[in-house]
Amino acid sequence: MPDRAEHRATTYARILTASLVLGALGACTDPADDSTQPTGSPASTATSEATTAPSPDPGTEESVDDVRATLGALAPCGLLSPGTDSASPQGPHTCEAQLADTRVRVAVGVPFDDDARAAAEVGDVAGLSAYTVPDLCRTVFPAGPAHGIAVEVSGGCEPALDEAAAIVGASLGANVDSHLREPGPDSLTACGLLSASEPRSSLLVDGVGGPSEGLDHCEIASGAILARTTLGLDYAATPFDEVVRRLGGERVRLAGQDAVVVSGGQTCFVHTYLWESDAEGRGPLHTDAVVHAETCKEAKRVARSIIEAAGREPVAAGSVSELLARAE
């Protein structure tokens with residue numbers, strides 16, 4: 001499993017390469033610092049043919065929103081303690097920690113439907129069903145009909161993945177609702193924010209492809225992949241003025257807030273800081289929202305709607321324990 005900064009830099013490099021093949025992408029970034037590089041859709045490494053999201057089962061669209069609201073309130077670093085060292089939140093719904101010589105990553109709210117379950121090896125961890133994909137060094141605990149909580153490791157799967165899954169499984173199996181946050185903006189999810197500009201909830205897909213980002217990533221699954229509108233959430237400590245300098249983009253005001261636009265021939269990125277967070281002991285940090293769209297006009301339109309949506313109170317969370325139980 002690559003670390004988050006490496007993944008973001010690699011993903012963006014792939015988007016650049018693919019866009020150049022299609023007809024030149026000229027986004028200006030500073031490759032010496034990948035902590036502020038735009039995050040594109042992990043699915044961008046696939047074919048650019050038009051595809052759509054899988055159709056949800058009848059009557060499940062509202063429940064998907066409820067699942068996101070509940071999982072969004074779950075503090076990811078709490079799932080890695082005790083048992084690991086130096087837990088570090090990477091985004092509102094993603095955390096990394098050290099387990100001996102192995103880096104462990106938890107992503108809350110990854111897509112995990114029946115097809116994904118069928119492709120994995122099912123076992124039992126702390127009394128919960130756990131689905132492992134050895135080739136990805138990844139174990140997923142289902143939570144709801146189409147989501148899960150993923151544990152990933154780097155530096156060799158065995159026995160580190162089993163150990164990491166046991167730590168997270170124990171946290172999930174023992175009063176997991178104690179890890180729910182106090183109501184606040186960190187409970188907001190990428191798809192919840194993106195829904196302000198895309199009312200068709202069936203098109204909103206969490207954490208597509210690559211190392212899973214779960215509720216910290218959302219894309220509108222329609223049209224050519226490289227042209228899809230996406231939103232990524234990350235924590236950042238860099239002052240926004242420095243972000244603008246490193247990206248070399250155009251500084252603008254959107255919905256009364258600073259943003260930077262990085263444009264190219266085939267795609268456009270907009271960065272903006274949405275809210276500050278204490279981030280489970282790491283803060284104060286800024287929540288960096290990165291909108292990717294086919295045109296800068298569209299990216300700025302979506303960014304405006306996200307900025308406005310970030311000021312709304314999150315939907316009340318339910319019980320994660322009940323989600324886990326219903327997923328068995």
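The values are calculated or read from the model by the stated rules, or taken from the named source; none is laboratory data. Note that the coordinates shown come from a computational prediction; the quantities given were computed from them, not determined experimentally. Every residue, glycine as well, gets a Cβ built from its backbone with ideal geometry; the counts of neighbours run over all protein chains shown. SASA here: full protein model, heavy atoms, side chains in, ligands and nucleic acids out. Shrake-Rupley method; radii C 1.70, N 1.55, O 1.52, S 1.80 Å.
Some values worked out for this structure:
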quantity	calculated
Accessible carbon and sulfur surface of the range 249-303 relative to its total accessible area, %, 1.4 Å	41 percent
FRET E, pair Ala119, Ala255, Förster distance 45 Å, beta-carbon r, rounded to 0.05	0.60
Accessible surface of Arg251 - all protein chains present, 1.4 Å probe, nearest 10 Å²	110 Å²
Translational D in µm²/s for the range 180-232 (Stokes-Einstein at 4 °C, 1.567 mPa s, Kirkwood Rh from C-alpha pairs)	111 µm²/s
Simple spin-label estimate for Asp135 and Asp101 in nanometres, 7 Å along Cα-Cβ	2.7 nm
Using distinct alpha-carbon pairs, which all enter the 1/r mean, Kirkwood radius of the range 122-182 in Å	11.9 Å
Protection proxy ranking of 67-76, 170-179, 92-101 - average other beta-carbon atoms within 10 Å, highest first	67-76, 92-101, 170-179
Carbon and sulfur %, accessible surface of the range 78-204 computed with the full protein complex present, 1.4 Å	51 percent
Charged-residue dipole, Cβ positions (Lys, Arg, Asp, Glu), the range 121-205 about Cα centre, Debye nearest 20	340 debye
Scaled radius of gyration (Cα, divided by 2.2 N^0.38 Å) that the range 211-328 gives	1.19
Three-way shape call for the range 150-297 based on the alpha-carbon gyration tensor, with the a/c threshold at 1.5	prolate
The range 118-194, accessible area per residue, ligands and nucleic acids excluded (1.4 Å, Å²)	39 Å²
Karplus 3J(HN,Hα) series, Hz, for the range 248-259 with 6.51 cos²θ - 1.76 cosθ + 1.60 (x for Gly, Pro)	x, x, 8, 7, 9, 10, 10, 6, x, 10, 5, 8
Inter-label distance for Ala196 and Glu328, nm, one decimal - labels placed 7 Å from Cα along Cα-to-Cβ	3.9 nm
Table column - 3J(HN,Hα) (Hz), the range 65-79, Karplus curve with 6.51, -1.76, 1.60, x for Gly and Pro	4, 5, 4, 4, 4, 6, 5, x, 7, 7, 7, x, 5, x, 6
